[in-house]
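S.K.: Before I ask anything, here is the structure I am working with.
Read-outs throughout are calculated quantities, based only on the coordinates presented, and are distinct from any laboratory measurement. Every value quoted in this text rests on a predicted model; they were computed, and no experiment measured them. Positions of Cβ are backbone-derived with ideal geometry, glycine not excepted, and every protein chain shown enters the neighbour counts.
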């Protein structure tokens, strides 16, 4: 059973007439959201959606529950900011020591709530904005999420939900960013709790090269059309394929650009054809953006992405087993336009027609939201005579800066 006691979620609040105790009618609202990350981890955030009413989060007690086959296996309040000398979220505290079969309970409050510390020891603005405080305390803020206050691990497939077992909540008086006193309480907080679905998709490689259409994990086939998931093919648009021209080590690349009107997609697959012989080494080039319609993914993140594709992890290698893939951020002889920033070399394909599938959502080490806005392909080795067809400027161009 859960702890059978009154619990408090404490905020600092200001009335419409100044620094006196606030009326219970002046409700502040906190949204407790939950996200999941790599390695079966979860993160809990506190977001103050009425920040002009109060001075930020002062304490909380939450449980993370797993349902539908999911279980919260551990929890920690360590993300909640704390500093030297008892400043911040230091008392009382529980790092998930109270738990059940599928849930863990975490609670803490700022030391000022329980002890006669001066108001200058309060960390004001938690859940409202990023900030720093005495004792070296600091905290972040993510738009739409707020400040991370707890984290933990989970197992299984199902739903994780942040819950509050009891309905008694309290507040401290004060103005936004300052405090007038500690300990004056009022039942003023409205709470909104979030949930997230976990599991359900078997981890799989970021890249797939196959002789047939890849699994649904790799999105829809890109065709020559406008709209979401589609793009513009260069050499033979009506075929809806990347169609390389030439043969016997003398090819001209093909590309599909403007995927989803330039916004890009995190998942998708494209068919390539015209490789003659089909066993020629194939090089695919991707234009990877940090976000939909945004700038190029940073060099550091591109290096990470390439390393993850080359790794032996669940998200590494070639899911289609059509070729041994090596990812890189540059080529010794690069025939592609300057927007391409990630290159996939397949050394042992078997067919003249194949499908490249991409699923960037599988890489836990690059920013969420990364997308591919264009894909190109050419067999290798390339002839130097063919490179000249693109003009000397193609060899001397500068790669786009992320």
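S.K.: Multiply the residue separation of residue 279 and residue 224 by 0.36 nm, subtract the distance between their alpha-carbon atoms, and state the gained length in nm to one decimal.
M.R.: Extending this stretch completely gives an extra 17.2 nm.
S.K.: With the cut-off at 31 Å, report for the range 207-396 the share of all Cα pairs above it, as a whole percent.
M.R.: Cα-Cα pairs of the range 207-396 separated by over 31 Å account for 8 percent.
S.K.: Also, I was wondering about something else. Under a plain spin-label model, where a point goes 7 Å from the Cα along Cα-to-Cβ, how far apart in nm are residue 307 and residue 338?
M.R.: Result for the modelled spin labels: 2.8 nm.
S.K.: Once the Cα atoms of the range 40-154 are picked out, what are the Rg and Dmax in Å?
M.R.: 14.3, 46
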